[in-house]
Amino acid sequence: MLSSTEDGCVRFSTGQTAPSAIGAAVQDGDLMTGLLRVESDVISATSAASATSATGAGPSSGPSAAGAGAGASAGGGVPDPLGVPRNLLRDAVFERMLRHILRGDYRRGQRLRLDALADDMRVSRTPVREALVPLEALRLVIVQRYVGVVIAPWTVGQMVERTRIARSMLVDPPTSCARGDEPFDPAVLRDCLSEAGAFVELAVWVLRRSGAPVSADWLRSQQTVLDVFHTDDIARANGIDVAADWTRRMQVVKAARTAALADDVALCAVRLTELAELLIALPERFRSAETA
């Protein structure tokens, strides 16, 4: 999946490049290896479903096949008529629609029919309908009876607002119960696509340890949208260059992770507050540059 280049970068199979610091992060073994995911992986379940529909045979390899086998043997995941577990399809459709919305492929205010979405995703209407539930909860779509789906007028400011709320929780955790004692599991960082995703994972741990489980649950629900929004292609589509100060943000992520592994909740919160400030400043920084 990776190949080295003469300029000291790590190159994705899709042709994207990332600073060599990503390679160092991956060598840590548990830090944001999800940065190496490509969009084709996100939609593998829908591709497998399409192939199954065309051939009449079940998928023989790949993530979808593994998931289908696991679902059948463990009793989990209701199979789709095409042979792919419904939960796999729902998650794949959710992530693909999320990317389309955040990248602007689906325009704000655009009306989409459920049947058209299902055809676009090459799945039945059921996983599309299920994927719309979290998208509506994130205020990215509006589901209207007899009308269909309307892309909500979301803004970059709303993404910043999510990070601001998380920062305020870290500065003054709204404690509602006894403090937790669970250790930090660095494996949760493996699937993060950006430093914003890592920020949420670490902040959720801090909030649970601080006795604020309700706040932790809310922040958990925002993880995917913040993680995906701060990936390179989607941030660029919204006028943000996430490469600026990327090394600094990654250094802060590593410092917060080190504090969490040392069970230093207070220090981890301090590092995460610093990271939140860097993330919040990104959109405003480039807005100022454009008007200068």
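Tabulated results
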quantity: Estimated distance in nm for a label pair at SER168 and ASP191, the labels positioned 7 Å out from Cα along Cα-to-Cβ; calculated: 3.0 nm
quantity: Nearest-0.05 FRET efficiency for ARG248 and GLU161, computed from C-beta distance (R0 22 Å); calculated: 0.45
quantity: Accessible area (Å², per residue) of segment 227-282, counting only protein heavy atoms and a probe of 1.4 Å; calculated: 39 Å²
quantity: Contour excess over end-to-end distance, with Cα ends at ARG139 and ALA178 and 0.36 nm allotted per residue; calculated: 10.8 nm
quantity: Distance between modelled label sites at GLU277 and TYR146, nm, 7 Å Cα→Cβ extension; calculated: 5.4 nm
quantity: Under 11 Å, Cβ to Cβ, from VAL252 - net charge with Lys/Arg +1 and Asp/Glu -1; calculated: +1
quantity: Accessible surface ranking that places the most exposed of ARG90, ARG96 first, with a 1.4 angstrom probe; calculated: ARG90, ARG96
quantity: Cα gyration tensor shape of segment 90-155, rounded if a/c is under 1.5, else prolate or oblate by comparing a/b with b/c; calculated: rounded
quantity: Ratio Rg/Rh [Cα only; Rh per Kirkwood] for segment 138-292; calculated: 1.00
quantity: Net dipole in debye of segment 112-258 [+1 Lys, Arg Cβ; -1 Asp, Glu Cβ; about Cα centre; nearest 20]; calculated: 220 debye
quantity: Rg to Rh, two decimals, where segment 101-207 supplies the alpha carbon set and Rh follows Kirkwood; calculated: 1.07
quantity: Among 114-127, 196-209, the order from most to least packed when residues are scored by Cβ within 10 Å on average; calculated: 196-209, 114-127
quantity: Length gained when the stretch ASP120-LEU267 is fully extended (0.36 nm per residue, less Cα-Cα span); calculated: 48.3 nm
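The values are calculated or read from the model by the stated rules, or taken from the named source; none is laboratory data. Note that the coordinates shown come from a computational prediction; the quantities given were computed from them, not determined experimentally. Here the Cβ is made from the backbone with ideal geometry for all residues, glycine too, and neighbour counts use every protein chain on show. Accessible surface areas use protein heavy atoms only, side chains included; no ligands, DNA or RNA. Shrake-Rupley method; radii C 1.70, N 1.55, O 1.52, S 1.80 Å.
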